[in-house]
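A quick write-up on the structure given underneath.
Any read-out appearing in this document is the output of simple, stated calculations on the displayed coordinates, not a laboratory observation. These numbers were taken from a predicted model, which means no experiment stands behind them. No Cβ is skipped: glycine too gets one built from the backbone with ideal geometry, and neighbour counts run over all protein chains shown.
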Amino acid sequence: MKSGQFLIVICQLLIFSFFAVGDLPADTIVLDGGQVIKGDILAEKPTQLIIDIGVTVLTIPKQKILEYEYTKTLDEQQTDADSLAAVADKPKKLPGRLYYSSKLRKATIEKCVEAVSESVVKVSTPAGMGSGFFINEQGYLITNYHVIEKETKIEVIVFEEVKTGFEKKKFKKVKIEAINPFVDLALLKVEDLGDTKPKFAYLGKIDKIKVGETVFAIGNPLGLERTVTDGVISTKNRSFEGLVYIQTNADINPGNSGGPLFNLAGEVIGVTNMGYIFFGGLGFAIPIDYVKHFIDNRESFAYDKDQPNTGYKYLQPARRRNKSVPKFLKKKTKQK
């Protein structure tokens, strides 16, 4: 279909869509010619959008689209009362797994922040503070190992939304479940939740993210609580000391450590752990695949308070084959 014919068809369908949709809430697509289409976006593909306008279903090439927006908020589209994002499928948590995943719809940063911000917490120790995020309703959360390194007195501050804003709730009974110093990850559990049901974040997939994709981080840089920074993925496979990191130009500062890096579907795609204060635009996050592997194999990294070398395994030195007294010791014995 030629460009002129395409616009004629669109204009005709716009008339139908006006009467069919009326004032009902609907997703909005703005074409490069200024025309506005309202309906329900059924699917978003790399090169096109599929939208139901009531009387028919349109397939619109993205090259003809100036901008588009999902009208419904994430909370309005969720299928589960405890969900934090719009889902196409029911939330999935396989047997034995601690985290949730699902097929989520993209939205704006504002809507995502509104939906996921309560899942982000502040992690404090006598030596400092960082960030973290809940992965389920039982109180399990992820942070960086270096945030709680050599510490056992840990506090978690939850920011619960109320009518007047956000209310802080401090929990002091926090258990270290597992640590992996080599990947800089720690799994904690808040054990004194009481009646509090924490909001949790969904974990995404590393193979779904693309370079140039918009992302945002939520954390507590320099103690500035619930700070949101945004940027794009600069590269998804930056190598440091044998590990792969996501590089982003979203600002990452001390205090962001352990916090989540989200995509525009409200899914966690990485855990922020490095940034350069004097070089803006250089932030790094641990890819979510490392995080999932750490959680799924948490028994291998289980923390033992009685073992100071938990997280490290050393080979025992070989025993001496010759058990007789060494010559230099024999000489000292004779001199005495």
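So here's what we get for this one:
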{"item": "Reachable aspartates and glutamates, given that their alpha-carbon falls under 16 Å from the alpha-carbon of LYS197 and they are not under 8 places away in the same chain", "result": "ASP80, ASP82, GLU118, GLU137, GLU160, GLU161, GLU167"}
{"item": "Which of GLU299, GLU149, GLU177 has the fewest Cβ neighbours within 10 Å, and the rest in rising order", "result": "GLU299, GLU149, GLU177"}
{"item": "Nearest-0.05 FRET efficiency for ARG226 and LYS197, computed from C-beta distance (R0 22 Å)", "result": "0.70"}
{"item": "Exceeding the 29 Å Cα-Cα cut-off - candidates LYS45/LYS189; LYS106/LYS236; LYS172/LYS199; LYS150/LYS236; LYS111/LYS236", "result": "LYS45/LYS189; LYS150/LYS236"}
{"item": "Sorted by Cβ density within 10 Å, fewest first, the residues VAL121, VAL36", "result": "VAL36, VAL121"}
{"item": "Pairwise FRET efficiency - ASP306 versus SER239, Cβ, R0 = 51 Å, nearest 0.05", "result": "0.90"}
{"item": "Normalised contact order of the stretch 143-194, rounded percent, pairs of Cα under 8 Å and 6 or more residues apart", "result": "37 percent"}
{"item": "Burial ordering of GLU114, GLU241, fewest other beta-carbon atoms within 10 Å first", "result": "GLU241, GLU114"}
{"item": "Sites PHE182 and GLU67 - FRET efficiency at Förster radius 51 Å, r taken between beta-carbons, to 0.05", "result": "0.70"}
